[in-house]
Structure formats: C-alpha cells, structure tokens
1. From the set of residues in segment 147-202 that are in a strand (DSSP E or B) and β-branched (Val, Ile, Thr), which is farthest from Ser255 (Cα to Cα)?
2. Report whether or not Tyr151 is of a type in the set (Phe, Trp, Tyr), under 21 Å from Thr48 (Cα atoms) and in the same structural domain as Thr48 (by TED's automatic domain parsing).
3. Scan segment 109-137 for residues that are in contact with a Phe, Trp or Tyr (Cβ under 8 Å, 6 or more places away or on another chain) and either among the small types (Gly, Ala, Ser) or under 21 Å from Pro179 (Cβ atoms) (or both) and report the count.
4. Does segment 124-146 hold any residues that are part of a loop (DSSP other than H, G, I, E, B) and either within 19 Å of Phe212 (Cβ to Cβ) or under 13 Å from the mean Cα position of the chain (by Cα) (or both), and which are they?
5. Hey, Ala184 hits all of (1) over 18 Å from the mean Cα position of the chain (by Cα); (2) aliphatic (A, V, I, L, M); (3) not assigned by TED's automatic domain parsing to the domain that holds Asp225 but one; which does it fall short on?
6. From the list Leu71, Leu89, Leu103, Leu67, pick out the single residue that is surrounded by fewer than 19 Cβ atoms within 10 Å (Cβ to Cβ) and among the hydrophobic types (A, V, I, L, M, F, W, C).
7. Among the residues of segment 232-250, is there at least one that is among the small types (Gly, Ala, Ser), crowded, with 16+ Cβ neighbours inside 10 Å and in the same structural domain as Leu167 (by TED's automatic domain parsing)?
8. What do you reckon, is Gly157 over 14 Å from the mean Cα position of the chain (by Cα), more than 20 Å from Gly41 (Cβ to Cβ) and not assigned by TED's automatic domain parsing to the domain that holds Glu252?
Amino acid sequence: MTEPHRAKKSLGQNFLLDPNLQRKIVSALEAGPNDEVLEIGPGHGALTDHLEGRVGRLVLVEIDDELAARLERRFEGRADVEVVNRDVLEVPFGEVSRDPGALRVIGNIPYNITTPILFRMLERPRPARIVLMVQDDVADRIVAPVGTRAYGALSVGVRSVATVERLFRVGRKSFRPVPRVDSAIIRIDPFRPERTTAEQEARLRALVRAAFQWRRKQLGKILRDHPELAHSDAVVGAAAEAAGVVLTDRPERLSPETFVRLALALP
C-alpha cells in the first residue's frame with residue numbers, strides 16, 4: 001500500500017479534493033484527443049485523472065521527486081503520457097512539446113511563485129491556451145479595470161499579450177492542507193497573431209515596469225526622468241502624439257493597448 005504523501009510547505013503544495021471542481025477546471029481547457037496538454041504540478045493527479053486518455057498527449061511536470069516517481073509508476077509504458085521531474089520554470093517547452101505554439105497548459109500553481117510562472121508561460125512561443133488556479137487577489141489584479149488601484153504592471157503584462165477571463169472562485173476549504181486564502185481559475189488565450197515583435201515586446205516590458213515603479217508620477221516625467229527610459233522632450237512629445245496619450249496622465253490611466261501603442265512609438 002502506498003504511503004500517504006505529506007504536503008511540502010516549501011513547494012506550496014495544497015491538493016484539490018473536490019472532483020466536481022476538478023472536472024470544471026479541466027473542462028475550461030477545452031482540450032480534446034488532438035491536443036497536447038502540459039500540466040504544472042499534477043501532484044496526486046486531481047486534474048490528471050480527468051485528462052489522461054482524453055487528450056492526444058499529456059506532459060506532467062512535477063518538481064516533487066516522490067510524486068513524480070509515483071506518476072512514473074502509474075503511467076509506465078504509456079506512450080501518450082510523459083512525466084518530467086523538473087521545475088517548470090526551467091523546462092523549455094520546445095524540449096517537451098511537439099508544437100509549443102499549439103500546446104495547452106493547465107495547473108494549480110504555488111502561490112509563492114505565481115507571477116514567475118505566469119510570465120514563464122507567456123514567453124514565446126506562447127501556448128494556445130493556459131488555465132491556471134491562482135490566488136484570488138492575484139486573479140483580481142490580472143483582470144482589474146483600467147484606473148483602479150488593483151490595475152498595475154501584472155494587469156498590463158498579461159493583457160498586452162493575451163485575453164484573460166476570471167472564470168470562477170475556489171474556496172480554501174476545497175484543499176488539503178487548507179490554505180490561508182481563496183483561489184480563482186483564470187483562462188488566458190495569447191493573441192494570434194502576435195501584436196509586437198520580440199524586440200518591441202522587450203521595450204514594452206521595460207516601459208511598463210518603469211511606469212508602475214513610478215505609478216504616482218505623471219507619464220511625461222516617467223518617460224523623461226526614469227533611468228530605464230530617459231527620453232528627450234522631443235522624443236516624448238512625438239511618441240505621445242503618435243500613441244494618443246496625455247502626458248499628464250498617470251500609468252493606471254493607460255490601457256494595455258495604449259501601452260503597446262506607446263512602446264511602439266518610442267525608440
């Protein structure tokens with residue numbers, strides 16, 4: 001008989017117990033027999049149970065050595081399932097996927113590394129769809145309306161490259177051990193085709209980072225005086241006119257689309 005697995009706090013492990021929620025989360029991915037799916041942190045297989053045998057190929061990325069070993073024993077000899085015992089932040093999609101741009105990603109991700117995982121998932125080539133369970137307040141920040149206090153670099157960083165939906169809330173009592181916060185399911189669909197080149201996107205990231213570091217300052221001052229930007233008055237004026245922005249606005253007044261226009265207008 002397999003010994004019960006003790007959740008590791010260091011890995012942020014909280015296991016989802018409710019089978020109805022498990023099915024609802026997997027259903028949001030809308031994956032079928034022609035799809036390749038990567039699951040982040042499958043753990044005991046709560047979501048895996050509803051994916052295996054229903055999708056074309058399943059890649060299970062599990063950092064926990066003990067849980068990975070159990071998954072390897074469970075799927076031994078299965079050509080349609082691959083277990084990868086690594087940190088997902090260190091796994092290039094091109095190494096485990098036949099077509100990273102068509103990949104669908106799902107996972108209940110650790111709260112303590114939510115943002116790094118989100119941006120890792122959104123590196124090029126981006127998957128076709130991403131369904132993640134994240135901390136409830138993180139989901140709120142990602143989908144926050146422009147001009148609100150919750151709207152910030154995370155909101156723009158995700159929504160400048162993808163559409164995002166906050167699908168439903170998952171209460172903390174659905175997990176063991178019980179976490180201190182509630183969760184939410186988000187669905188991310190990267191834009192096709194891309195709206196920027198890789199070089200333009202790097203400029204966009206630098207702009208967004210600088211803007212929200214100085215979020216209480218006016219846009220004109222940020223563009224001129226922030227050490228990561230430091231543009232001349234002439235460049236700032238021309239870019240503002242081309243992007244249709246008002247230099248007395250503060251960063252939270254700019255939509256993700258406006259940030260993209262401004263990044264494209266800057267040298």
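The values are calculated or read from the model by the stated rules, or taken from the named source; none is laboratory data. Model, not experiment: these values are computed from the prediction. All Cβ positions, even for glycine, are placed from backbone atoms using ideal geometry, and neighbour counts span all protein chains on display.
1. Taking segment 147-202 and keeping what is in a strand (DSSP E or B), we get 162-170, 175-176, 183-190.
Filter again for β-branched (Val, Ile, Thr), leaving 163-164, 170, 185-186, 188.
Working: Thr163: 13, Val164: 14, Val170: 28, Ile185: 23, Ile186: 20, Ile188: 18 Å.
Only one residue tops the list, namely Val170.
2. Details: of a type in the set (Phe, Trp, Tyr): yes; under 21 Å from Thr48 (Cα atoms): no; in the same structural domain as Thr48 (by TED's automatic domain parsing): yes.
Against the criterion (of a type in the set (Phe, Trp, Tyr), under 21 Å from Thr48 (Cα atoms) and in the same structural domain as Thr48 (by TED's automatic domain parsing)), Tyr151 does not qualify.
3. Selection size over segment 109-137: 2.
4. Within segment 124-146, the first condition is being part of a loop (DSSP other than H, G, I, E, B), and the residues that meet it are 124-128, 143-146.
Scanning segment 124-146 gives Arg124, Arg126, Pro127, Ala128, Val143, Ala144, Pro145, Val146.
5. Just one mismatch for Ala184, condition (1).
6. Details: Leu71 fails: surrounded by fewer than 19 Cβ atoms within 10 Å (Cβ to Cβ); Leu103 fails: surrounded by fewer than 19 Cβ atoms within 10 Å (Cβ to Cβ); Leu67 fails: surrounded by fewer than 19 Cβ atoms within 10 Å (Cβ to Cβ).
After applying the criteria, what remains is Leu89.
7. no
8. Working: over 14 Å from the mean Cα position of the chain (by Cα): no; more than 20 Å from Gly41 (Cβ to Cβ): yes; not assigned by TED's automatic domain parsing to the domain that holds Glu252: yes.
The answer is no for Gly157.
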